[in-house]
Amino acid sequence: MTGDPSNMFEAIYAGAEAGQARPPWDHGAARPQLVEWAEEQGLAGGGREALVVGCGYGADAEYLAQLGYRTTGFDFAPTAIAAARRKHPASTVTYLVADVLDLPSDWHGRFDLVVESLTVQSMPPEQHSSAAQAIAALVAPGGTLLVLATARDDGVEVAGPPWPLTRGEVEEFATGGLELRRVERIEGGGWWRAELARGV
């Protein structure tokens, strides 16, 4: 696939709505790499705020809402957001159209939990660093960022999209006072799961 990724993703969601194949990244349920992490943590929202980056049809956002978070999910593709609202008509999640490189200023430092799953790797590599910085800036004092991405070894070229992340690109989320707490290579080495935290 070539061309502007934002147009491409909107086209994929629009095609799915028209009866074509569902987006390849749509798991149909909360992503198991997120669920496993949440269960390990005994995660409970307690009314705190969570944000899901590139939320698609909202499965991860709905999962966090069920855990007690006041959850916001955003996606660049308007068709994805419209579908998420339709699929979850009784949802407490706030679904919004937004661009990761141009996020609302009042989101900075607001969210106690931010989940980024496969969004940055869907963007051209020259945007990875700025996207990572924008996502890191959303984490509140005392908050956590969870990054899920497919993994690529240093020096391995890919045609993309997607452009799986190197270890160095995962570490670029540790910016603006956000510290890398844990990085795991999971799923037989095919995925990164990174946990970052901001001090109080």
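Observations, loosely collected:
- Top-ranked residue of the range 162-181 - restricted to ones that are in contact with a His (Cβ under 8 Å, 6 or more places away or on another chain) and acidic (Asp, Glu), ranked as least open to solvent (accessible area, probe 1.4 Å): 169
- Residue selected from the range 93-118 under the condition acidic (Asp, Glu) and part of a strand (DSSP E or B), by the criterion least open to solvent (accessible area, probe 1.4 Å): 116
- Condition check for residue 132: touching a residue at least 24 places away in the same chain (Cβ under 8 Å), of a type in the set (A, V, I, L, M, F, W, C) and under 15 Å from residue 176 (Cα atoms): yes
- For the range 140-192, filtering for residues that are charged (D, E, K, R) and part of a helix (DSSP H, G or I) leaves 3.
- Residue 19 modelled with pLDDT of 95 or more, more than 12 Å from the chain's Cα centre (by Cα), at positive phi and not hydrophobic (A, V, I, L, M, F, W, C): no
- Filtering the range 79-92 to residues that are open to solvent by less than 70 Å² (accessible area, probe 1.4 Å) and not in a loop (DSSP other than H, G, I, E, B) leaves 79, 80, 81, 82, 83, 84.
- Tally of residues being assigned to a helix (DSSP H, G or I), surrounded by fewer than 19 Cβ atoms within 10 Å (Cβ to Cβ) and charged (D, E, K, R) across the range 27-75: 3
The values are calculated or read from the model by the stated rules, or taken from the named source; none is laboratory data. Since the model is a prediction, treat every value here as computed from it, not as a measurement. Every residue, glycine as well, gets a Cβ built from its backbone with ideal geometry; the counts of neighbours run over all protein chains shown. Keep in mind that these areas ignore ligands, DNA and RNA; they rest on the heavy atoms of the full protein, side chains included. Shrake-Rupley method; radii C 1.70, N 1.55, O 1.52, S 1.80 Å.
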